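Some notes on the structure that comes next.
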Amino acid sequence: MRAHSCLLPLLFFLGSSSVVVLGAPTTRRATNPNAQSAIEAIMPTSTTCAGAAFPDECRTAAQAAPFIIKAMTGFSLPEIAAMLANIGYESDEMKFKHNVSPGRPGQGTSNMMLAKWVSPYAASIFGAGAIAGKSPDDILAMVTPDEYNFGSAPWFLTQQCGAAVRSALSAGTDAGWAAYMTCLDVDGSDPARLAYWTRAKSAFGL
């Protein structure tokens, strides 16, 4: 981070309700958009679930925003932008909570984590004993309710990516995005994925 970086109180708003993210580091003055509008800007089809292949899994930006705010409180705006960009791509703009193609058992949540990550995420919430002997799909079902579904991206960033990635990502740069994508073991330069990051940067003024 640059020597002149500052700690800014960040506000992430939803209508008349607000969550204050105190002391989140950033190296630039990002805008603090309304949560629902930011999600819709990043995920343009999230305004409706009409026609969704799995209506029970689909969430609109309005429905998801309160859970996303709660899950992402304490993160810098560039981190939030990147997580939302990844969620948008991985879940087809919150239309799916499980992997449809190629249909890997146990892969899912809004972050579309592989089963090998879903299990420790579930264990972090319910305890290792609660998932013992369960199938990958049964474990996934434990963490797809909204109060857990949108916490998977923050959990992965903090538990699997490390401080160096978070520091790079908090700078709000393409290099930070690339570091995050490397941690996720995906190609961050894929045009379809990169389009979400581009919209996220615009939504958050990065």
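Read-outs throughout are calculated quantities, based only on the coordinates presented, and are distinct from any laboratory measurement. Bear in mind that the values here come from a model prediction, so they are computed numbers and not experimental data. Cβ atoms come from the backbone with ideal geometry, glycine included; neighbour counts cover every protein chain shown.
Of note:
- Amide H contacts for Met113 (H built 1.01 Å from N in the peptide plane; partners 5 or more residues away or on another chain; cut-off under 5 Å): Gly108.
- When each of the peptides 51-60, 197-206 is scored by the mean number of other C-beta atoms lying within 10 Å of its residues, the order from highest to lowest reads 197-206, 51-60.
- Vicinal HN-Hα couplings computed from phi for region 44-59 (Karplus, 6.51 cos²θ - 1.76 cosθ + 1.60; Hz; Gly/Pro x): x, 8, 7, 6, 8, 10, 4, x, 5, 5, 10, x, 5, 8, 6, 9
- Computed from backbone phi, the HN-Hα couplings of region 191-202 come to x, 5, 6, 5, 4, 5, 5, 4, 5, 5, 4, 5 Hz, rounded to whole numbers (Karplus: 6.51 cos²θ - 1.76 cosθ + 1.60, θ = phi - 60°; Gly and Pro given as x).
- Label-point separation in nm, Thr48 to Leu114, each point 7 Å along Cα→Cβ: 3.8
- Number of Lys pairs (Cα under 25 Å; 8 or more positions apart or on different chains) in region 6-204: 10
- Cα centroid separation - region 150-204 against region 47-117, whole Å: 15
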